[in-house]
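Reading through the structure tokens given below for one structure.
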Amino acid sequence: MTATTLDRPARSASHEVPRISVLMAVYGRADLAVAALAALAEHTHVPFEVVVVDNASPDGGGGDGLDTAVPGTRVIRLPLNVGFGSAITLAAMHARGELLLLLNSDVIVGDGWLPPLLEVLEASPEVAAVSPALSGGNESAVEVGSVVISDGHTRIVPLEEGWDGLRPRAVPYVSAACLLIRRAVFSGLGGFDPVYPRGYYEDVELAFELRARGHLIVCDPRSTVQHIRGASTQRARAIELYEHNVGLFRQRWGDELARFAPGSGGTVRDRDSLTVDRVLVIDDRIPQTDRGSGDPRMARLLTRMAARFRGASITLLGVDQTHADRYAPPLAAAGVEVADWTSSTPEQWMAARSGHYSAVVLSRPPNVRRFRSVVERTQPQAIRVVDVEAIDAVRDMRKAQLLALLGDERAGQMELAARQEMDAAADAWKWADVVTCVSDEEAAVVARVAPGARRVVVAWAGPAPAAVPPMATRSGLVFFGGFMSGEDAPNADAVRHLVGDVLPILRRSHPAVTLDIIGADPTASVRACAGGAVRVVGRVDDPATALARHIVHVAPLRFGAGITLKLVDSMAAGTPFVTTSIGAEGLHLGELTDLLVADTADDLAAKTARLLDDPEAWEHAHLGLRAIAARHFDAATFDRSVDELMVALGALR
């Protein structure tokens, strides 16, 4: 090993097995290679080795510069120029790392370039290779992969503005200028095909061979490197080689290319040319994960679809773009395309992508009403999905019954409206090919009125805190739920009922009891509950941890529909809850029902008091609820439901 004079982070000693083997081919311009390797050493913080093949450089390979650029660099000097592909294949024969980094001598990496790429490979076994976005500097477009058109030529896909800069995406082809690939996969192919002389199209061939074997290539613009394109090759010679090799590629892949339409590379259709599964999801808004109303479930559904089906294209069209800058980036980073339609209308945005999607998911009744005809007109080929986040008609019918008991004159009109809403919902379910529901109970309702629709239950996976504290370290009561639906929604009514009816009864036996109300967008009536032992906290960053600080979660819901997601969160946090029969629907409580469910203020107070006073009862509920969460609402169960949904949409894992 040759010592280095550069002050760089320590790398693998010769006896260590590196994580990554960096492979580089050079032909002259050793100064570029030295600069590239120096940047690599400065910004790479996992063990790696470097193997450089010098293709008979006219300048002699730069003397000792390449040998000393990075500790342990091995330089193989050839007596003739065998071309890029053969040189890299030779270098791979000397590699010891689990992963190979194919690195051009004119690519400069920067801080943080590697972690996103490793994240993609570690999360997705079907991904064989991943590349950063390539920036040419100055005014050049940032490149996020390329498409191959019918005559065999390639066209780069430029990075779009906005959230797209955070979205990893499967691509038809990506340059090998900076490509991290699994060594087992590359070796299994025998390296680059040597048919292409002197470079150009080895990487296109590689992409097609990988795809033919069921592998994916991903470009992740969360990592961007500088590519001084053409700095190592004279332009005239490069064009000559490129055109020669295009002809070879056409000869080898003509049957495959015949299926491709001519394209410019600049359209969405070109970008997704090899993507069979293209799913458009339309919802009220970009999911606001800290605000309830089904938003956390939708966000998880989108991100898990993207993560588990890397070869699919998952697009979200949020009708309301409020707070997009807060909530869109995490979705984009997970691989979800978040549509920005603000320069037109959602309908115009869909029309511009006519015929593009293999499936369209409409979530919530207002979106079914608004976009049903638009889907029929612009996406007639798509599988139609209606997502039943909750059966609003059931919720409104229950609210009408509550108003009738309270003598509210609005009850009759609300009951009529609820019946009309149920008729509209039934019509939508019959229109759909697939209906997704949050519980078996709601799926049974759909089955009764739309027996021809395929039903998939996609419930929720409650996020658990890192550590679940025991009862002795907790204190007080909590109510958790978002209030963005307003004063007449279930959560605001439940808080008023809790503070006005249940808490006064409980205080007779527990005068020191405290209540925290957490959840975003508290309404005026909820804020008015603050005072004394009642604290209105509002939005919290980590609801699971907040729930785990309290002894009992009290959720006296008097109307609603679907699974109460906040109670699933409470299960996962190990926080026993007391709720109503309506709140308990779909939660699989079994024998815990007698301990946790009540429908009058007196019984709600009594069952809360028991959990506060009886550690054995609390522990029984605590362990029982966590077991239910692990059985019915864990991440693996949710992922299985995502797989079932995607299979219903024609996708295969």
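Annotations
- Global geometry of the range 113-224, whether rounded, prolate or oblate, following the gyration tensor of its Cα atoms and the 1.5 cut on a/c: oblate
- Listed residue (L179, G83, Q379) projecting farthest to the positive dipole end of the chain, Cβ model: G83
- Restricting the range 466-513 to trypsin sites (Lys or Arg not before Pro) that sit in a DSSP loop and have at most 16 other Cβ atoms within 10 Å of their own Cβ leaves nothing.
- Per-pair calculated FRET efficiency, R0 = 22 Å: A636 and D541 via Cβ, rounded to 0.05: 0.30
- Surrounding net charge for H553, when Lys and Arg each add one and Asp and Glu each subtract one, Cβ distance under 13 Å: +2
- The lysines whose alpha-carbon is closer than 23 Å to the alpha-carbon of K566, local same-chain residues fewer than 8 away aside, are K399, K607.
- Three-way shape label, the range 369-489, alpha-carbon gyration tensor, a/c 1.5: oblate
- Relative contact order, whole percent, for the chain stands at 10, derived from Cα pairs under 8 Å and 6 or more residues apart.
- Sequentially through the range 170-182, phi angles give Karplus couplings (6.51, -1.76, 1.60; θ = phi - 60°) of 5, 10, x, 7, 9, 4, 8, 4, 8, 10, 9, 10, 5 Hz, Gly and Pro residues having no value and appearing as x.
- Under the criterion of Cα pairs below 8 Å and six or more residues apart, the relative contact order for the range 360-507 equals 17 percent.
- The shape of the range 288-439 comes out prolate: with a ≥ b ≥ c from the C-alpha gyration tensor, a/c is at least 1.5 and a/b beats b/c.
- CD proxy at 222 nm, helix term only [per DSSP H run n ≥ 4: -39500 (n - 2.57); per residue of the chain; nearest 500]: -11500 deg cm²/dmol
- Note on percent of Cα pairs over 51 Å apart: of the candidates (1) 25; (2) 46; (3) 53, the value calculated from this structure sits at (1).
- Placing unit charges on the Cβ atoms of the charged side chains and taking the dipole of the chain about its Cα centre, the candidate lying farthest along the positive direction among L216, Q348, H550 is L216.
- Net charge over other residues, Cβ less than 10 angstrom from the Cβ of Q321 (K, R count +1; D, E count -1): -2
- Near the amide H of C437, within less than 5 Å, lie the amide hydrogens of V388, V456, V457, V458, all on another chain or at least 5 residues away, with H placed in the peptide plane.
- By the beta-carbon count within 10 Å of each Cβ, the least crowded to most crowded order of K607, K566, fewest first, is K607, K566.
- For the pair the range 337-378 / the range 572-621, the C-alpha centres are spaced 42 Å from each other.
- Under DSSP loop assignment and at most 13 Cβ neighbours within 10 Å, longest GluC sites (Glu not before Pro)-free interval of the chain: 162-408
- Dipole magnitude for the chain: computed about the Cα centre from +1 point charges on Lys and Arg Cβ and -1 point charges on Asp and Glu Cβ, it is near 480 debye.
- Since only G72, Y201, L612 are under comparison, the one whose Cα sits farthest along the positive direction of the charge dipole of the chain, derived from C-beta charges on Lys, Arg, Asp and Glu, is Y201.
Only the coordinates and a few stated rules stand behind these numbers; no lab work does. Keep in mind that this is a model prediction, so the values were computed, not measured. Glycine also receives a Cβ, built like all others from the backbone with ideal geometry; neighbour counts cover every protein chain displayed.
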